[in-house]
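The values are calculated or read from the model by the stated rules, or taken from the named source; none is laboratory data. All values derive from a computational prediction rather than experimental measurement. Positions of Cβ are generated from backbone atoms using ideal geometry, with glycine treated the same way; all protein chains shown enter the neighbour counts.
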Amino acid sequence: MGWFLVISALVVIWIASLCKIFSSYSSGFLNDGTPQKRNILLVIAHPDDESMFFSPTINFLTSRGHKLHILCMSIGNADGMGTIRREELYKASTVLKVCRMVLAKCGIINCWQRLLNRKYQAVRLTCYGVSGHCNHRDVHNGVRVFLHNKAPQSFEAWELVSTNILRKYSGPVDIWLSILFSEAHTSGTTHCLINECPRQSFFAMAQHASQWVWFRKLFVTFSSYTFVNTLKRIN
Ligand SMILES: [Zn+2]
């Protein structure tokens, strides 16, 4: 009886959280009251990071008319599948309505310099602890060094806030804590972006056919990163 009540409560909370996702909650992220649309660069470590971790941010920005570009710092060639994974990344980008995809072949500093010349106004970062992968940490640290040494004053940089393991696997339920967390920061340095179309995360991740195995299907189903991203300004 006790277990039945616990499971029933979890199901009710899960459904209530999904209802909240499809309600009218909206963040004021990058909304300065003008119709100006931004050029935005999302920096990721591997093909599939965009679908597994950043789809709420991507959907939020593209649905509001911002031009999103992705810089992927590797082609995921660890198992000799670089060519396949690059194609999968292009397919996922199409699903996510990303304007342009850049794969880093030119060294991180040269890439930054080339991309900066295009006057990007904001950067998203893979964050230090999303999955604990060393490449995520390296990209995160590399971006911080770049910001310190090379980025112009006008450059806005934001990072994805990592959550603990309980929140990470709480699916849509985490939106309540994410909203509370962002609303506690009234200075505008933290924003909670809710994925208004979580199904798109599944479609995008399914384009990474070589990676679309059972445990990643479970991850996308139960990960809070499928439903919500909290972004924090870092410069
Ligand atoms: Zn990754």
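Of all residues in the stretch 195-216, which are part of a helix (DSSP H, G or I) and either touching a residue at least 40 places away in the same chain (Cβ under 8 Å) or under 23 Å from residue 178 (Cα atoms) (or both)?
Step one: filter the stretch 195-216 for residues part of a helix (DSSP H, G or I), giving 198-206, 209-211, 214-216.
Within the stretch 195-216, 198, 199, 200, 201, 202, 203, 204, 205, 209, 210, 211, 216 meet the criteria.
Among (1) at pLDDT 85 or above; (2) of a type in the set (A, V, I, L, M, F, W, C); (3) closer than 15 Å to residue 55 by Cβ, which single condition is residue 130 missing?
(1)
Take the residues of the stretch 133-164 that are among the small types (Gly, Ala, Ser) and modelled with pLDDT under 75: which is farthest from residue 189 (Cα to Cα)? Give the derivation first.
Our first condition is that a residue be among the small types (Gly, Ala, Ser); within the stretch 133-164, this holds for 142, 151, 154, 157, 162.
Checking the rest, the ones that are also modelled with pLDDT under 75 come to 151, 154.
On the way: 151: 19, 154: 15 Å.
Out of the qualifying residues, it is 151.
With the structure loaded, tell me whether residue 65 is modelled with pLDDT of 85 or more, more than 14 Å from residue 229 (Cβ to Cβ) and more than 16 Å from the ligand (Cβ to nearest atom) or whether it fails that test.
Against the criterion (modelled with pLDDT of 85 or more, more than 14 Å from residue 229 (Cβ to Cβ) and more than 16 Å from the ligand (Cβ to nearest atom)), residue 65 qualifies.
Since residue 184 meets every condition but one in (1) surrounded by 14 or more Cβ atoms within 10 Å (Cβ to Cβ); (2) aliphatic (A, V, I, L, M); (3) farther than 17 Å from residue 50 by Cα, which condition does it not meet?
Evaluating residue 184 over (1) surrounded by 14 or more Cβ atoms within 10 Å (Cβ to Cβ); (2) aliphatic (A, V, I, L, M); (3) farther than 17 Å from residue 50 by Cα leaves (1) as the failure.
Looking at residue 87 and the list (1) farther than 26 Å from residue 211 by Cα; (2) modelled with pLDDT of 80 or more; (3) among the charged types (D, E, K, R), which single condition is not satisfied?
Failing condition for residue 87: (1).
Which of the residues belonging to the stretch 149-194 are of a type in the set (D, E, K, R), within 21 Å of residue 58 (Cβ to Cβ) and part of a loop (DSSP other than H, G, I, E, B)? Walk me through how you get there before you give the answer.
Going residue by residue through the stretch 149-194, those that are of a type in the set (D, E, K, R) are 150, 156, 159, 167-168, 174, 183.
The next check asks that each one be within 21 Å of residue 58 (Cβ to Cβ); those that pass are 156, 159, 167-168, 174.
Those that are of a type in the set (D, E, K, R), within 21 Å of residue 58 (Cβ to Cβ) and part of a loop (DSSP other than H, G, I, E, B): none in the stretch 149-194.
Can you list residue pairs whose Cβ atoms sit under 6 Å apart, with the first residue in the stretch 24-46 being small (Gly, Ala, Ser) and the second being within 16 Å of the ligand (Cβ to nearest atom) and part of a loop (DSSP other than H, G, I, E, B)? Count only pairs 6 or more apart in sequence or on different chains.
If the second residue must be within 16 Å of the ligand (Cβ to nearest atom) and part of a loop (DSSP other than H, G, I, E, B), the pairs left are 45/73; 45/126.
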